[in-house]
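Heads up, the thing below is written out as structure tokens.
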Amino acid sequence: MIQGSWRALVWIGLSELCALSLWFSASVIAPELIEIWNISPNSEAWLSASIPIGFVIGSLFSSYFGVADRFNPRKVFAISVFLGALLNGLLIFVHYAFLGILLRVLTGITLAGVYPIAVKILSQWFPKKRGFAIGILIAALTIGSSLPHFVIMFFSSLNWKVVIISTSVLALLSVIMVTSILEDAPIEANKSPFSLKLIKKVVMNKPVMLANYGYFGHMWELYAMWTWLPAFLTASFLAYSPDTPHWFIALSSFISIGIAGGIGCVIGGLISDKIGRANLTIISMVISAICSIAIGFTFGQYIWLTLIISMVWGMSVISDSAQFSAAVSEIAEVDYVGTALTFQMCIGFLFTIFSINLVPVIQRIVGWEWVFTLLAIGPILGIGFMVKYRRYEITNEKV
């Protein structure tokens, strides 16, 4: 264990928590933005999909040029968050949908220098047994992504601009932590020269790609669930009791996505270091697939029943996320691990764009009762790939 690694984990986690508040900053105030920007019903999903689109573009650029392996990752992280905070803050001056969605896409591009880069930094501090450490990091990401739901509980009666300003301020705090407090890992950094061979090495590494395929199935479900679960809870709770207060719905969303998800990440990280990455991801995807199918049957029923299933889903849908990254960071060779992680996330978030946009289309056809069964496809396929990956994991343990 590298001296100071746990201290570094605390600051990386806090930085990630604050930075990722930018992800859903606009989604939680979507009704206000839809009205202000005069967004048509057919274009609403693009408001939520704009961040993943930008993230994919940024990840493609980063993996193509090997940014994570050529430059100091801490500096890349700080610059990316700073730009993201500025772009997010500019939303308060926007009055047109095209410009607003463009700013969200650009913000997504900057976040490509945050999430995978943070995993790369953490892998430097934790050369071995990093499942728990990355679990903590993804817990911070989960809570950070859901922070806007928490903020809006207190500022729902105020101007929507307060939510935007609050999330930008949190992101700037992240910059201060990364530049002033967090140190570089005390290891010799290998700055790989730019080469397309880095991506080729990733694609040709079979166990890495099996872990990637499992991750892609996981991502098909994850962000569509995070994006549309609050809308489902709103519709379900109001169908059961039209007098359900808005703050309670926002709190339920924050608990289901942020708190339950954060707990799931930590538990998943602890268990995976004992039973293996593959076994943990398989268990998590089985539970999340069941929840995605079952939760529709609670629509308009007892609020406590819907909330319990949504919390179990919130825990299981993200509890395996860190382990896909941990698996790749352990299997990929050190000279291209940053590129491998960025490539993994790039393609994974590409899948989220399709699932996020499909949910409202399918919902209008089959209703809230059945729409989330669409998301179960991802983890079901992911289970198959991780069963194959487990063979490589067992072989590596014996070596």
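The numbers here are math on the coordinates, done by the rules we state, and not lab data. Only a predicted model underlies this, so the values are computations on that prediction, with no experimental measurement involved. Backbone-built Cβ (ideal geometry, glycine too); neighbour counts: all protein chains shown.
Given charges of +1 on the Cβ of Lys and Arg and -1 on the Cβ of Asp and Glu, with all other atoms neutral, how large is the dipole of the chain about its Cα centre, in debye to the nearest 20?
On the way: 22 positive and 18 negative charges, 204 e Å.
The dipole magnitude comes to about 980 debye.
Its Cα gyration tensor gives segment 294-384 an equivalent ellipsoid; the semi-axes, largest first and in whole Å, are 32, 16, 9.
Applying 0.36 nm per residue to the separation of residue 184 and residue 40 and subtracting their alpha-carbon distance, the gain on full extension is 47.2 nm. Only helical runs count toward this figure. For the chain, summing -39,500 (n - 2.57) over DSSP H runs of n ≥ 4 and dividing by all residues gives -25500 deg cm²/dmol at 222 nm. Projecting the Cα atoms of 349, 226, 143 onto the charge dipole of the chain (Cβ charges, centred on the Cα centre) puts 349 farthest toward the positive pole.
With the gyration tensor restricted to C-alpha atoms of segment 246-399, the semi-axes of the equivalent ellipsoid amount to 30, 17, 15 Å, longest first.
Neighbour counts of other Cβ atoms within 10 Å put 104, 7 in the fewest-to-most order 7, 104.
Compute the relative contact order of the chain as a whole-number percentage, counting only Cα pairs closer than 8 Å that sit 6 or more residues apart in sequence.
Working: 715 pairs, mean separation 106.7, N = 399.
Relative contact order for the chain comes out at 27 percent.
Based on the Kirkwood approach, the hydrodynamic radius assigned to the chain is 20.8 Å, with every pair of different Cα atoms included.
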